[in-house]
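Below: the structure, in structure tokens.
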Amino acid sequence: MHKAEWKYYWTIPMGICNKRSACGWRARVAYTVAVFVVMSLGLGSRAFADVLPVFVAEHFGDALWACMIYFGFRTCYAHKKISFSLWCSLVFCFAIEASQLYQADWIKSLRETTLGALVLGKGYLTADLVRYTAGAAIAALLDLAWRKRF
């Protein structure tokens, strides 16, 4: 690329990007950052549950997990519609929750590890489906607002 092209490359507004444009990587970087920010907030909601309001401590962890999954799908499928990532994240979250009904010894032992508990959960709760739906929907709304701004 010539020097003049690099200047244009860095100044393309996000709102006019298409899937083949030079700024597609910017969206992926932004979504990756969002994954790590939301992951940190979710882990923080678990680590500091004793000092947070009860409602926040009980519900925000699962909602933030669904947000993280949504932004993960957006990272992989930034060129697709927001609704695609929303539905994929909901299917993924619901599948993980449904998998908690399976109680074989091998998966129980996996769920007893820290990483296994964070990814697979520990037990089925119908309320988690509501939390996941709220988290993914909020992430999609934030994504819509962010895309309109840029």
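The values are calculated or read from the model by the stated rules, or taken from the named source; none is laboratory data. Since we're looking at a predicted model, the values are computed, not measured. Please note: Cβ atoms are built from the backbone with ideal geometry, for glycine as well, and neighbour counts cover all protein chains shown. Each accessible area value is taken on the protein alone, full model and side chains, heavy atoms only, with ligands, DNA and RNA left out. Shrake-Rupley method; radii C 1.70, N 1.55, O 1.52, S 1.80 Å.
Structure summary
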item: Segment 74-150: trypsin sites (Lys or Arg not before Pro) falling in loop per DSSP and having at most 13 other Cβ within 10 Å; result: 80, 81, 122
item: Segment 81-102-segment 119-150 distance, computed between alpha-carbon centres (Å); result: 10
item: Residue 112 accessible area, 1.4 Å probe, all protein chains in place, Å² to nearest 10; result: 150
item: Computed over segment 13-150: relative contact order in percent, which uses C-alpha pairs under 8 Å that are six or more apart; result: 30
item: Charged-residue dipole, Cβ positions (Lys, Arg, Asp, Glu), segment 28-86 about Cα centre, Debye nearest 20; result: 440
item: Heavy atoms of residue 51 accessible to a 1.4 Å probe, total area in Å² rounded to 10; result: 110
